[in-house]
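Structure, as structure tokens:
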Amino acid sequence: MKQSVSVSFMLMGILFNVCLIAANLLETKVIQVGDLTVTAGLLVFPVSYIINDCISEVWGFRKARLIIWSGFAMNFFVVALGMVAVALPSASFWEGEEHFNFVFGMAPRIVVASLLAFLVGSFLNAYVMSRMKIVSQGKRFAWRAIASTVVGETADSLIFFPIAFGGVIVWPELLVMMGVQVILKSLYEVIILPVTMQVVRAVKRIDGNDVYDEDVSYKFWKINEI
């Protein structure tokens, strides 16, 4: 039997992938938000968790798993292309090599930290959304979205910062950075929650789906089960 996906699901998947790739590129700029110093990736990365919530809520864990792995693959692809481009010799007249290499020449430990943190955080986010939906019988979406984001973002920060900056930034500062990232990203979710809820309602109405994962396998590698 042929598998099919809706236009809504396809668009959500595309946006999810774009957000992840954009977040990785924006991470190279450090910005000032009041008294806080954060990376520009904060502008878009939380959106990927919001989309993850929407996909898990409407289409279930199986579809979320598929999109998470597609995001991982596309992220890896872009990073690999960037590294190849950095390694290639530049034209003698081109003056932008230093800036190009700064954006695309990510250190291997940053790449590993980013991809691993994304996988763990995203799968935990989808898992918590899925389980809480069954327990709550589909009610209290707002609480489920917030709780899953806090779990996912916390796991993401706990993995990314020690691997990426351990030994480079002292631990007290690392812990502060981790805490700030979790709080700000979770606050982002809370602020945009009314929009998220409207999008979920609209997609459910248009797509006609509202999946409950009663018989799903939560093994993250079973990508063929869609």
Pick out the long, greasy-scoring helices in the chain: whole DSSP H runs spanning 30 Å or more along their own axis by Cα, mean Kyte-Doolittle at least 0.0.
-> 61-87, 108-135, 141-165, 171-207
Zone residues, the range 11-43, relative to residue 170, backbone N less than 19 Å from point 7 Å out along Cα-to-Cβ = 37
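At 1.4 Å probe size, with every protein chain present, just tell me what the per residue accessible area of the range 29-92 comes to in Å². Walk me through the numbers before you get to the answer.
Values: 2780 Å² over 64 residues.
Averaged over the residues of the range 29-92, the accessible area is 43 Å².
Expressed in nm to one decimal, what extension gain is obtained for the pair residue 163 and residue 81 from 0.36 nm per residue of sequence separation less their Cα-Cα distance? Kindly include the intermediate steps, with their values, before the conclusion.
Numbers: separation 82, 0.36 × 82 = 29.52 nm, distance 2.24 nm.
Length gained between residue 163 and residue 81: 27.3 nm.
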With +1 on the Cβ of every Lys and Arg and -1 on the Cβ of every Asp and Glu, the dipole magnitude of the chain about its Cα centre, in debye rounded to the nearest 20, is 860
Considering only Cα-Cα distances, which of the following residue pairs are longer than 20 Å: 63/133; 185/219; 185/222; 133/204; 139/222?
-> 185/219; 185/222; 139/222
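By how many nm would the segment from residue 142 to residue 11 grow when fully extended, if each residue of separation counts as 0.36 nm and the alpha-carbon distance is taken off?
Values: separation 131, 0.36 × 131 = 47.16 nm, distance 2.25 nm.
Difference between extended and current length: 44.9 nm.
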For the chain, count the residues as N, evaluate 2.2 N^0.38 Å, and divide the Cα radius of gyration by that value, please.
-> 1.07
Residue 94 - accessible surface, heavy atoms, 1.4 Å probe, Å² rounded to 10 | 110
When only alpha-carbon atoms count, how far does the range 111-151 stretch along each of its three principal axes, as whole angstroms with the largest first?
-> 38, 14, 9
Extreme residue, positive dipole direction of the range 151-208, given options 198, 175, 158 (C-beta unit charges) = 198
Put +1 on the Cβ of every Lys and Arg and -1 on every Asp and Glu Cβ in the range 63-182; which of 122, 148, 134 then has its Cα farthest towards the positive end of the dipole?
-> 134
At q = 0.22, 0.28, 0.33 1/Å the base-10 log of I(q)/I(0) from the Debye formula over the alpha-carbon atoms of the range 67-115 is -0.80, -1.06, -1.24
Step through the residues of the range 27-35 one at a time and calculate ³J(HN,Hα) from phi using the Karplus curve (6.51 cos²θ - 1.76 cosθ + 1.60, θ = phi - 60°), rounding each to whole Hz and writing x for Gly and Pro.
-> 4, 6, 10, 9, 10, 10, 10, x, 8
For the range 30-146 the translational diffusion coefficient, Stokes-Einstein from a Kirkwood Rh over Cα pairs at 25 °C and viscosity 0.890 mPa s, in µm²/s, is roughly 147
Mind giving me the nanometre distance, one decimal, between the label points for residue 109 and residue 90, set 7 Å out from Cα along Cα→Cβ?
-> 2.5
Determine the distance separating the Cα centre of the range 22-38 from the Cα centre of the range 189-211; give it in Å without decimals.
-> 28
How much of the accessible area of the chain, in percent, comes from carbon and sulfur atoms when a 1.4 Å probe is used?
-> 71
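Ranking request for peptides 43-53, 151-161, 111-121, 189-199: highest mean number of other beta-carbon atoms within 10 Å first, then the rest in descending order.
Numbers: 43-53: 23.3, 151-161: 21.6, 111-121: 19.8, 189-199: 14.7.
Descending packing order for the listed peptides: 43-53, 151-161, 111-121, 189-199.
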Pairwise FRET efficiency - residue 215 versus residue 31, Cβ, R0 = 41 Å, nearest 0.05 | 0.35
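The values are calculated or read from the model by the stated rules, or taken from the named source; none is laboratory data. Because the structure is a prediction, the values reported are computed rather than measured. Positions of Cβ are generated from backbone atoms using ideal geometry, with glycine treated the same way; all protein chains shown enter the neighbour counts. Only protein heavy atoms, including side chains, enter the accessible area calculation; ligands, DNA and RNA are left aside. Shrake-Rupley method; radii C 1.70, N 1.55, O 1.52, S 1.80 Å.
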